[in-house]
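Heads up: the structure comes next, in structure tokens.
The values are calculated or read from the model by the stated rules, or taken from the named source; none is laboratory data. None of these values were measured; they are calculated from a predicted model. Quick reminder, even Gly has a Cβ in these numbers, built from the backbone with ideal geometry, and neighbours come from all protein chains shown. For the accessible areas, the whole protein counts, side chains as well, though only heavy atoms, and no ligand, DNA or RNA atoms are used. Shrake-Rupley method; radii C 1.70, N 1.55, O 1.52, S 1.80 Å.
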Amino acid sequence: APYTSGNKNDVWKFYQDTANKRSKLNFWIDGIVVKIDSINEQLKLGESGGCPKGQIAIKFEAEGAESVLRGVTLQVGHTGAIVPVANFDPVRIGGTTVTNATLCNWDNIETLGVAIGDKISVIKAGDIIPRIMEVTEKGKNRQDIPLPTKCPVCSGKVGHRSNVSGEESAVIYCLNTDCPSVITGKIDKYLSSLDIQGVGTTLIESLVNDLGV
């Protein structure tokens, strides 16, 4: 990695220079690391929460691209939460091809004002998680993203739940506790905590389906 030293003004100049040329580098980076230029001083400062006080990572702004929203699929998690996932034309961001991004919930969809057929701005939050930032152009034949009237997996009833403050949550849930996706998600979450290798979501889904749940 390139190395330079200087004062705080030099740090920001190095940051900007590196940010401007990172797309031309032969490797992918998401920021720079700034350290006090003295190992003795670093050791004196010590650590906080396992992190050394004598150095800090400064991340670049998230890279983005434009695409067109082509559809929305629904995923059901282990809590029963129904999550709308945007499907859009493939775009290259941060060295990988991105085609999907979670829309979180229908309150977020309403806030974005997004519909199928719209041109959208997509970033990678933290250079990792794809996220739709805004609608850049409304499509001519745009289609609203409908609220689910039944679970996409088990066809069970759906609805909102109360959050910790007693208010209705923005998330829509499958209310069927025997939903295969809920059961699979809970088993997967438990096995993940045990760090058992070779047992993934696909195998768990097959076993749950074989049980006729």
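For this structure, a couple of remarks:
- Heavy-atom SASA rank of T102, T111 (probe 1.4 Å, accessible area, largest first): T111, T102
- Per residue, the range 112-176 exposes an accessible area of 63 Å² to a 1.4 Å probe, with every protein chain left in place.
- Over the chain, relative contact order from alpha-carbon pairs under 8 Å, at least 6 apart, %: 15 percent
- Rounded percent of accessible protein surface that carbon and sulfur make up, the chain, 1.4 Å probe: 51 percent
- Dipole orientation for the chain: of the candidates S192, L69, S169, L69 has the Cα lying most toward the positive pole (charges on Cβ; Lys, Arg +1; Asp, Glu -1).
- Selected from I129, T96, L112, residue furthest toward positive end of dipole (the range 56-146; charges at beta carbon): T96
- The range 139-180: C-alpha gyration tensor shape, a/c 1.5 cut-off, then a/b vs b/c: oblate
- Of G54, G31, G94, the residue with the greatest mean-square motion in the GNM of the chain, using alpha carbon springs below 10 Å, is G54.
- The angle between the Cα long axis of helix 201-210 and the main principal axis of the chain comes to about 10°, on a 0 to 90 degree scale.
- Cysteines without a disulfide-compatible neighbour (Cβ-Cβ under 4.7 Å), the chain: C51, C104
- Whichever aspartates and glutamates have a C-alpha closer than 18 Å to that of K53, once near sequence neighbours (fewer than 8 apart) are set aside: D37, E41
- Read-out Cα extents along the principal axes in Å, derived from the coordinates shown; its label in (i) 64, 35, 33; (ii) 63, 50, 38; (iii) 50, 41, 37: (ii)
- Summing charges over all other residues whose Cβ lies under 12 Å from the Cβ of S23, with Lys and Arg as +1 and Asp and Glu as -1, gives +3.
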